[in-house]
Amino acid sequence: MVAELQRVEEGVVVTRQSGFYTVWLTSGSLVEAVLRGKVRKAGPVLTGDRVRVRVGADGSAVVEEVLPRTTWLARPPVANVSCLVAVAAAPEPDLFLLDRLLVLGEASRLACVVCINKIDLATPEQVAQWRRLYEQAGYPVAATSGRTGDGVADLARLLVSHVSTLSGPSGVGKSSLINALYPEARLEVGELSPKLGRGRHTTRQVQLLPLPAGGLLADTPGFSRLELEGIAPQQLDRLMPDIRRAAESCEFGDSCMHRGEEGCALPQAVEEGAVAASRFRHYRRLLEEVLEQEARKYS
């Protein structure tokens, strides 16, 4: 039975398992809550959902309402993610995959951060070159080493006020970054607060980790599927900030897909250094992929 009701607070669901929801309240405390019947019937409550919780005098809590979602990632299932950290690793970062991740982040209306990890395996000149490339494209860049801790504080500052998820291929050091950003990340689900103390042990679920500098971090890779589904060919240039800026000068306006049309502004932008040649190549590769997907829809 729920104890005498004391207060109502808003918060974010940071873990969920076996019908119990750990909620990080705006006051900075953690409570373990169950769902009110009407909330349970309305549909699944996800990690990342913003909720209104009624807390009893003894600390028991009930989720009274789920507030509207701003975003929703299906894989992994996380609500209200606002920032994608696209991770690549030195000494040979896969910049094409990095650009794909950034396009997916832009298509999902997320703030995007570029993280070049494992910089202890690269020269300072290489790191500076990668940083210039993506800062010129329009992204904040963190150069980090999850092993040594270099640059992790810079990355943490970029995640303040966000619900963030890391995304990148296997081997780029996402787990080491999570552990560097939140050293207690190795804790099992349900151990975020000793006050919860139910002693349950179940299959590990997605959880949000409250970062010391501010913000929440999903302890799971974002975008497990990397297909560019749902992106129209005419939309792609708007999902790459540097391409979008250069495209404003195209004689054909929004109808130009930058495939070599006469009057297209992109080749000149590359020649003048406003758009990096690698970014334009990657745009063209992604465009061909999107065009093939579009053609298959009507074949």
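Assorted remarks:
- In the set 236, 291, only one residue is touching a helix residue (DSSP H, G or I) at 6+ places or on another chain (Cβ under 9 Å), over 27 Å from residue 165 (Cα atoms), part of a helix (DSSP H, G or I) and touching a residue at least 24 places away in the same chain (Cβ under 8 Å); that residue is 291.
- Taken over region 44-60, residues that are of a type in the set (Lys, Arg) and over 21 Å from the mean Cα position of the chain (by Cα) amount to 2.
- Residue check, residue 230 at pLDDT 85 or above, open to solvent by 70 Å² or more (accessible area, probe 1.4 Å) and not charged (D, E, K, R): yes
- Residues that are in a loop (DSSP other than H, G, I, E, B) and either surrounded by 17 or more Cβ atoms within 10 Å (Cβ to Cβ) or hydroxyl-bearing (Ser, Thr, Tyr) (or both) within region 124-139 comprise just one, 139.
- So residue 169, is it within 16 Å of the chain's Cα centre (by Cα), open to solvent by 20 Å² or more (accessible area, probe 1.4 Å) and at pLDDT 95 or above: no
- Test result for residue 191, among the acidic types (Asp, Glu), at pLDDT 70 or above and open to solvent by 70 Å² or more (accessible area, probe 1.4 Å): no
- Selection count where residues are over 28 Å from the mean Cα position of the chain (by Cα) and open to solvent by 20 Å² or more (accessible area, probe 1.4 Å), scope region 265-284: 6
- Total residues in region 245-255, condition surrounded by 14 or more Cβ atoms within 10 Å (Cβ to Cβ), at pLDDT 85 or above and not small (Gly, Ala, Ser): 1
- Qualifying residues in region 54-77 (those that are of a type in the set (A, V, I, L, M) and under 16 Å from residue 109 (Cα atoms)) - the one least open to solvent (accessible area, probe 1.4 Å): 73
- The condition of being buried (at least 17 other Cβ atoms within 10 Å of the Cβ) and at pLDDT 95 or above holds for residue 13.
- Which listed residue, of 133, 177, 166, 159, is touching a helix residue (DSSP H, G or I) at 6+ places or on another chain (Cβ under 9 Å), under 14 Å from residue 119 (Cα atoms) and among the aliphatic types (A, V, I, L, M): 177
- Residues located in region 83-109, provided they are in contact with a Leu (Cβ under 6 Å, 6 or more places away or on another chain), open to solvent by 10 Å² or more (accessible area, probe 1.4 Å) and closer than 17 Å to residue 162 by Cα: 106
- Among (1) of a type in the set (A, V, I, L, M, F, W, C); (2) buried (at least 23 other Cβ atoms within 10 Å of the Cβ); (3) more than 22 Å from residue 208 (Cβ to Cβ) - the single one residue 121 does not satisfy: (2)
- Index of the failed condition, residue 164 passing every other in (1) in contact with a Gly (Cβ under 8 Å, 6 or more places away or on another chain); (2) small (Gly, Ala, Ser); (3) in a loop (DSSP other than H, G, I, E, B): (3)
The values are calculated or read from the model by the stated rules, or taken from the named source; none is laboratory data. Since we're looking at a predicted model, the values are computed, not measured. Neighbour counts are summed over all protein chains in view; Cβ atoms, including those assigned to glycine, are modelled from backbone coordinates with ideal geometry. Note: accessible area is taken over every heavy atom of the protein model, side chains too, but ligands, DNA and RNA are not part of it. Shrake-Rupley method; radii C 1.70, N 1.55, O 1.52, S 1.80 Å.
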